[in-house]
1. Please work out if residue 36 is modelled with pLDDT under 90 and over 17 Å from residue 119 (Cβ atoms).
2. I need a count of the residues in the stretch 63-76 that are modelled with pLDDT under 90 and assigned to a helix (DSSP H, G or I).
């Protein structure tokens with residue numbers, strides 16, 4: 001009896017991880033991993049140092065359970081990343097928003113239909129410029 005319960009629990013854990021992986025592929029698609037230099041070049045519209053862009057992307061990736069080299073400027077927090085995170089009970093979004101507030105004093109706006117990684121980096125760049133000027 002106890003062995004059956006342990007097996008069922010282990011099977012449930014494996015299935016949960018499979019669904020996260022499936023959700024990630026369905027939402028983001030199959031993407032090529034790119035070098036850090038190429039990745040930073042995708043974000044040329046943002047006036048932030050390359051190290052900062054990479055640090056933000058790495059934090060997004062760690063929070064949402066994706067590889068940062070597969071993130072792109074048009075990836076949407078609302079229609080894409082939140083779907084991946086829903087399998088983790090939105091823990092990634094909460095972790096990332098806490099990090100954003102502590103590090104940059106910004107939050108992801110609410111009640112939007114779309115909000116991309118590029119949109120977020122522009123907000124951070126603007127707050128960074130204001131902070132540097134003040």
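The values are calculated or read from the model by the stated rules, or taken from the named source; none is laboratory data. What you see is a predicted model; the values in this text were computed from it and never measured. Every residue, glycine among them, receives a Cβ derived from its backbone with ideal geometry; neighbour counts consider all protein chains shown.
1. On the way: modelled with pLDDT under 90: no; over 17 Å from residue 119 (Cβ atoms): yes.
The answer is no for residue 36.
2. Result for the stretch 63-76: 3.
The rows are residues; the columns are (1) out of contact with any helix residue (DSSP H, G or I) (no Cβ under 7 Å at 6 or more places or on another chain); (2) modelled with pLDDT under 90.
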{"position": "44", "(1), (2)": "yes, no"}
{"position": "50", "(1), (2)": "no, no"}
{"position": "58", "(1), (2)": "no, no"}
{"position": "82", "(1), (2)": "no, yes"}
{"position": "90", "(1), (2)": "yes, yes"}
{"position": "94", "(1), (2)": "yes, yes"}
{"position": "102", "(1), (2)": "yes, no"}
{"position": "111", "(1), (2)": "yes, yes"}
{"position": "119", "(1), (2)": "yes, no"}
